[in-house]
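Following: one structure in structure tokens, then a few remarks.
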Amino acid sequence: MRIIKKSKITWIDVLKPTKKDIEFIRKQHKFHPIILDELLHSSARSRVEPYDKYLFLTYHLPLYDKNQKTSRKIEVDFLITKDKVITVRYEDVEPINNFWRRLSNDKNFKDRALHSTGTIVYFLIEEILAFSQRQLRHIEETVSEITQELFKNKEAQLLQRISYLKRNILEYSIISNPQKIILESLREVGGRFWTDDMRIYLSDLVGDHLKIMQHLENFKETVDALEQTNSQLLNAKTNAVMQKFTVMAFLTIPLVLLTQIFGAEVVSLQTNNDPFVFWTSFVLVLAITVILLLFFKRKGWL
């Protein structure tokens, strides 16, 4: 648990809350018992709930997992009163740590951020959105890498990478999309809880989130185009291979036929110790094979 104060405004940050932490929070303010119990574990949905003297906010952000090669959901809970903001999280979160360092190292920023609990929430969520924006970089880098390798005969490998990338974009969207409604609700609820001036700040958060979703939609369209192009290249290569196999199969038909025609004669003449017909048959079959190969080559079938 970390606590930072300025005048009458306090920010309390709790990592991996225990029952002792919840009891400490209970003594700080008369929060609803159900909410306090929920703080012991993560929640499945985001929400903004206004009460008489405080707000309860659950916010989810995406975090890229290198092992699973996709984004997963991280939760930050906010308990907001007129003089305190309590954040509760269930694992280490980079934007929260960044916000703490800025408050500790930059006095001017601390004065602005701890002007009120509204400004704490605004700057903290702004830091979270900036982190979410940075999380899109690995998607952008992967898209760039796939674009550069698209015409290098790596269609099978790219198919797997594109599949992972599409899943990551989908998971990121599933996590981030609902936050638009949360931020819009916070703008309306926060305007009543603090002052109308806070609506301007909270509207900025809605706009920043919209930019993230627009970038994500652009990446989705780009990846769909890359997938379509890669599939066409893979189909073209597969068709070329199948064409060669078909030509080779057709090439064996006359050879098999000639072998069967001359087979009986060759066996009969070998019995009479006359190898001339055998070698004649062999040369004829070989000549037909070479002629067919040259013909198919000229037609571009091989």
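The values are calculated or read from the model by the stated rules, or taken from the named source; none is laboratory data. Keep in mind that this is a model prediction, so the values were computed, not measured. Cβ: placed from backbone, ideal geometry, glycine included. Neighbour counts: every protein chain shown.
Can you confirm whether the range 128-144 contains a residue that is modelled with pLDDT of 90 or more and in contact with a strand residue (DSSP E or B) (Cβ under 6 Å, 6 or more places away or on another chain)?
Yes.
Here's a check for you: in the range 202-240, which residue that is more than 18 Å from the chain's Cα centre (by Cα) and modelled with pLDDT of 90 or more is nearest to Ser71 (Cα to Cα)?
Selected residue: Asp208.
Kindly list the number of the only condition in (1) assigned to a helix (DSSP H, G or I); (2) in contact (Cβ under 8 Å) with a residue 40 or more places away in the chain; (3) touching a Lys or Arg at 6+ places or on another chain (Cβ under 8 Å); (4) surrounded by fewer than 18 Cβ atoms within 10 Å (Cβ to Cβ) that fails for Glu140.
Answer for Glu140: the failing condition is (3).
Determine if the range 60-74 includes at least one residue that is within 15 Å of Asp13 (Cα to Cα) and in the same structural domain as Lys27 (by TED's automatic domain parsing).
no
Regarding the range 4-12, can at least one residue be identified that is among the polar types (S, T, N, Q), in contact with a helix residue (DSSP H, G or I) (Cβ under 9 Å, 6 or more places away or on another chain), at pLDDT 90 or above and assigned by TED's automatic domain parsing to the domain that holds Arg167?
Scanning the range 4-12, I find at least one residue that is among the polar types (S, T, N, Q), in contact with a helix residue (DSSP H, G or I) (Cβ under 9 Å, 6 or more places away or on another chain), at pLDDT 90 or above and assigned by TED's automatic domain parsing to the domain that holds Arg167, so the answer is yes.
Here is a yes/no grid of residues against (1) outside the structural domain of Glu217 (by TED's automatic domain parsing); (2) over 17 Å from the mean Cα position of the chain (by Cα); (3) closer than 21 Å to Arg45 by Cβ:
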position: Asp111; (1), (2), (3): no, yes, no
position: Glu140; (1), (2), (3): no, no, no
position: Gln148; (1), (2), (3): no, yes, no
position: Tyr164; (1), (2), (3): no, no, no
position: Ile169; (1), (2), (3): no, no, no
position: Asn177; (1), (2), (3): no, no, yes
position: Leu183; (1), (2), (3): no, yes, yes
position: Arg199; (1), (2), (3): no, yes, no
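Could you tell me whether the range 35-44 includes any residue that is under 21 Å from Leu124 (Cα atoms), touching a strand residue (DSSP E or B) at 6+ places or on another chain (Cβ under 9 Å), surrounded by 16 or more Cβ atoms within 10 Å (Cβ to Cβ) and touching a residue at least 60 places away in the same chain (Cβ under 8 Å)?
no
So the check is Cβ under 9 Å with 6+ separation or different chains; which pairs have a first residue in the range 167-178 that's within 15 Å of Gln133 (Cα to Cα) and in contact (Cβ under 8 Å) with a residue 12 or more places away in the chain and a second one that's of a type in the set (Lys, Arg) and part of a helix (DSSP H, G or I)?
Ile169/Lys220; Ser173/Lys220
Please indicate, with yes or no, whether at least one residue in the range 47-65 is buried (at least 16 other Cβ atoms within 10 Å of the Cβ), in contact with a helix residue (DSSP H, G or I) (Cβ under 7 Å, 6 or more places away or on another chain), among the hydroxyl-bearing types (Ser, Thr, Tyr) and touching a residue at least 40 places away in the same chain (Cβ under 8 Å).
Yes, the range 47-65 has at least one match.
Considering only the range 103-129, state which residues are surrounded by fewer than 14 Cβ atoms within 10 Å (Cβ to Cβ) and in contact (Cβ under 8 Å) with a residue 12 or more places away in the chain.
Ser104, Asp111
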